[in-house]
Amino acid sequence: MKTSETTEECRSDNHRKLSVLFVDDDTDWLELLQLVLGELRSRWNMKFAASGARALELMEKTSFDVVISDLNMPEMNGIELLKRARDLYPATARMLFCGSPSPGSLLEWVGLIHQFLPKPSSLEQIRSTVQRAAIARSYFSGTALQEKISRLESLPSLPSLYAELVQQLKSEEASPKDVARTISRDLGMTTRVLSTVNSAWFGLPEPMSNLADAVTILGFETLKDLVLASGVFRQFESRKLGGISLETLWHHSGRVAQAAQLIARHERAGRQVIDAAYTAGLLHDVGKLILASSYPGEYEEVVHNAQAQRLESLVAEREILNCDHAEVGGYLLDLWGLPPAVVEAVAYHHLPTRCTRKPFSALAAVHAAEVLVHAHRVPYRGVAAPHADLLFLSSIGHGNALDHWSGLLATAS
C-alpha cells in the first residue's frame, strides 16, 4: 500500500471534538477562560460550571473526556468533586487547578487526579495538558495500534551486528578484544563507539582511539545497547525524514540514555534496571523515525504545528496522525522481544501514570531524564518541552527528586 493511502488509514480514526468541563466558583475566572480558549471551539466542546453541584448535573447529561476543577470552592471543593467524578464516570480524565501542591497532597491525590494545572495557566499550558490527558485515556490501544503498525512501510529490522554481538556475549570467554574485533568490521559502528566513549560524559583526560579499551570502559551491556540503537538509526540514513534531523535525534537520545543511567545508578537500582534505563533512553524516540519516514509530508506538518502552537511533539503527532512516537516505538520493541521494562519505558515515557508499575524503574529514570535533558537545552524552535509527571513520581516515592537529579546531571556534564 502506498504511503498516502496508509496515511489516510492512520488518519481515519475518530476525529470527534474533545468534550471538556471547567469548574470554578470564580465566575470572572470562568469568563476569562471562555475568552482565552475561544480559538479552541472548533476542536473542543467546552462547558463551564460555577459549582460542584452544577458540574455533576452537566456530567449526568454529557459524557466529558476531561473535567478540570478548581481546588478551593465552597460547599464542594475540587477534591470532593473529582472523587464523585471518579466513582460515577471513571473514564473521564480528572484534572485540578491549583498552585504548587505539597508532597503530602501529591501522595493523597495519586489515583484520583491525572494532572494538575497552575492558576492562572496560559492557553498553551491548558491545551497541552488537556490533550495529553485525552491521549492517555486511549493509550497503547491494542488492536487499533496493531492495524496502524501493520500498514507502515518503514519498520526497521533488528540490526544483524546486534544479533551477532548478543550471540558472542553469551560465551563466558568473550573478551573486550574479541568484541572489538567484531565491532571493527563496521566502520560506522566503530566511529559511534569511539565518539561515545570520548564524549564529555565519560570525562577522559585525553581522547581514546583503541577500540578494545573503549569496549572495556563502556562495558558489554552498554556496548550492546549502543550497537542496537545505532544500527536502528542507521537504517534511516537514506530515507526522507519529514521535519527532523537524524543526527540531532541521535545526540538527544544519547544524552537521555546517559542521564537515565546516571539517575538509576544514583537511586541504587539493580543492574537490570540500570541497563534497561540506558537501552530505553537510546531508543525512546525511535517511533519518531518510523513516523517521519513513513509519512514525511505529514510529519513536517507535525513539526510545524508543534512549533507554531508550542505543543509537545506527542500532542502534535496525535492531532495529525492519530498515533504517536512513544506507542509506535514501544510496539516495535515489543515485536522484537526486548525486555518488558525497556518496552514500557519507551511506550510510556511521556505518560508514565498509564503504567501500573510502582517501584523505581527504568520508566521513572527515562521519564525524568527526558524532562531534565529538555529543560537543560535551548527550546527547539518553540516546540514545548515535555512535562514532569509529579503525581507519578510521588507515587513511587520521588515527588521531590527532580531538582536533586537536575543538579546531579549538571555536575556530571
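Each Lys or Arg adds one and each Asp or Glu takes one away; over the other residues whose Cβ falls under 11 Å from the Cβ of R192, this sums to 0.
What the Cβ-Cβ distance of Y89 and N210 gives, at R0 = 56 Å and to the nearest 0.05, is a FRET efficiency of 0.35. Dimensions of the stretch 16-105 from C-alpha coordinates, computed as largest minus smallest value along each principal axis and given longest first, are 38, 27, 24 Å. One quarter of the surface of the convex hull around the alpha-carbon atoms of the stretch 262-413 equals 8.9 nm², the direction-averaged projected area. Residue order for V179, V383, fewest other beta carbons within 10 angstrom first, comes to V383, V179.
Ordered by the number of other Cβ atoms lying within 10 Å of each residue's own Cβ, fewest first, K224, K177, K288, K47 fall into the sequence K177, K47, K224, K288. About its Cα centre, the stretch 157-272 has a charge dipole of approximately 280 debye under the convention of +1 per Lys or Arg Cβ and -1 per Asp or Glu Cβ, with nothing else charged.
When the square roots of the Cα gyration tensor eigenvalues are ordered a ≥ b ≥ c, the ratio a/c for the stretch 285-369 is 1.5 or more and a/b does not exceed b/c, which makes its shape oblate. Amide H contacts for A93 (H built 1.01 Å from N in the peptide plane; partners 5 or more residues away or on another chain; cut-off under 5 Å): V66, V67. Couplings 3J(HN,Hα) of the stretch 278-292, computed from phi: 5, 4, 5, x, 5, 9, 5, 10, 4, x, 5, 5, 5, 5, 5 Hz, in residue order, whole Hz [Karplus 6.51 cos²θ - 1.76 cosθ + 1.60, θ = phi - 60°; x for Gly and Pro]. Rounded to whole numbers, the Karplus 3J(HN,Hα) couplings from phi for the stretch 68-73 are 10, 10, 5, 6, 9, 9 Hz, using 6.51 cos²θ - 1.76 cosθ + 1.60 with θ = phi - 60°, and x at Gly and Pro. Here the dipole of the stretch 151-412 is about 200 debye; that uses its Cα centre as origin and unit charges on the Cβ of Lys and Arg (positive) and Asp and Glu (negative).
What the Cα atoms of the stretch 153-290 give is an Rg and a Dmax of 14.9, 45 Å. Residues whose amide H lies under 5 Å from that of L117, counting only those 5 or more places away or on a different chain, are L96, F97, C98; hydrogens are built 1.01 Å from N in the peptide plane. Backbone amide hydrogens, once placed in the peptide plane, bring M46 within less than 5 Å of V20, excluding anything fewer than 5 places away on its chain.
All of the numbers you see were taken from the coordinates with simple rules; none came from a lab. Here the structure is a predicted model, which is why all the values come from computation and not from measurement. For neighbour counting, all protein chains shown are included, and Cβ atoms are generated from backbone atoms with ideal geometry for every residue, glycine included.
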